[in-house]
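Single-structure report; data block below.
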Amino acid sequence: MASKEDIRSSRRLHRRTLTPEHIATAGESLARHGTAWAAELSPGGAATFAVYLGVAFEPPTIPLIESLHEAGHQVLLPVCEPGRLLSWVYWTPSTAFVRSAYAPIDEPEGERLESTVIAKAAGIFMPATAVDRDGNRIGQGGGYYDRLLQGLDAAGQRPPTIAVVYDDDLLPSGSIPAEAFDRPVRQVLTPSGVVQLHDGPEPG
């Protein structure tokens, strides 16, 4: 089995071969399927969803963020804090972005809220460089989201969680080594649609 770092590097190299047209089309499809997933989780109407800002060759999430907003939902975006912790800022179309001091990502400006706010969200859209069909996920290597989910799981307050990847970032079962601190996901959002990985509930 390849190491996480080898898999992460391989997927990043592959993503760099994607054309701007491919990336744009993927963004539109992710927005459509992601907004439908959100609607299933909030049959009563508007809700709050945690998303993230896809940068460079990551699956683009701005179309998803805008689509969720247009559907009446509130969107929380993450900010990296010391100690590999995340705070959260509510996004609006006027939100400005600045470069993170702790990671190679852009982050929203605004009032920062503690991660306890995520316990009340209807769902979490998570970044990933790869996910296998056992639900094992490889992030960007910072461990921010594993730590977030660990806290939510310990409190029994984890909302439904879906990892966002390109279609070929979804790997066969057993492809990704699982470690004790990893927090598996049960669903994956790809440009082709939502993939259910397990029938059981998420950890928590």
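The values are calculated or read from the model by the stated rules, or taken from the named source; none is laboratory data. None of these values were measured; they are calculated from a predicted model. Heads up, the Cβs are rebuilt from the backbone with ideal geometry, glycines too, and the neighbour counts pull from every protein chain shown. All accessible areas refer to the heavy atoms of the entire protein, side chains included, with ligands and DNA or RNA removed. Shrake-Rupley method; radii C 1.70, N 1.55, O 1.52, S 1.80 Å.
Would you confirm whether any residue within the range 141-155 is open to solvent by 20 Å² or more (accessible area, probe 1.4 Å), in a strand (DSSP E or B), over 25 Å from GLY72 (Cβ atoms) and touching a residue at least 24 places away in the same chain (Cβ under 8 Å)? No, the range 141-155 contains no residue that is open to solvent by 20 Å² or more (accessible area, probe 1.4 Å), in a strand (DSSP E or B), over 25 Å from GLY72 (Cβ atoms) and touching a residue at least 24 places away in the same chain (Cβ under 8 Å).
Could you list all residues from the range 38-62 that are part of a helix (DSSP H, G or I) and surrounded by fewer than 20 Cβ atoms within 10 Å (Cβ to Cβ)? Hits for the range 38-62 are ALA39, GLU40, LEU41, ILE62.
Residues that are of a type in the set (Gly, Ala, Ser) and assigned to a loop (DSSP other than H, G, I, E, B) do not occur anywhere in the range 157-169.
Among the conditions (1) modelled with pLDDT of 95 or more; (2) touching a Ser or Thr at 6+ places or on another chain (Cβ under 9 Å); (3) not charged (D, E, K, R), the only one that ILE62 does not satisfy is (2). Of the residues making up the range 172-193, none is outside any strand (DSSP E or B), among the β-branched types (Val, Ile, Thr), open to solvent by less than 20 Å² (accessible area, probe 1.4 Å) and within 21 Å of PRO63 (Cα to Cα). Residue check: ALA26 meets all listed conditions (1) in contact with a strand residue (DSSP E or B) (Cβ under 8 Å, 6 or more places away or on another chain); (2) crowded, with 19+ Cβ neighbours inside 10 Å but one, namely (1).
Quick one: in the range 109-124, which of the residues that are β-branched (Val, Ile, Thr) and farther than 15 Å from ILE65 by Cβ is most open to solvent (accessible area, probe 1.4 Å)?
Step one: of the range 109-124, the residues β-branched (Val, Ile, Thr) are 116-118, 124.
Of the ones still in play, those that are also farther than 15 Å from ILE65 by Cβ are 116-118.
Numbers: THR116: 101, VAL117: 30, ILE118: 0 Å².
Out of the qualifying residues, it is THR116.
Residue count for the range 68-90 under the criterion of being open to solvent by 30 Å² or more (accessible area, probe 1.4 Å) and either within 12 Å of the chain's Cα centre (by Cα) or more than 19 Å from GLY142 (Cα to Cα) (or both): the result is 6.
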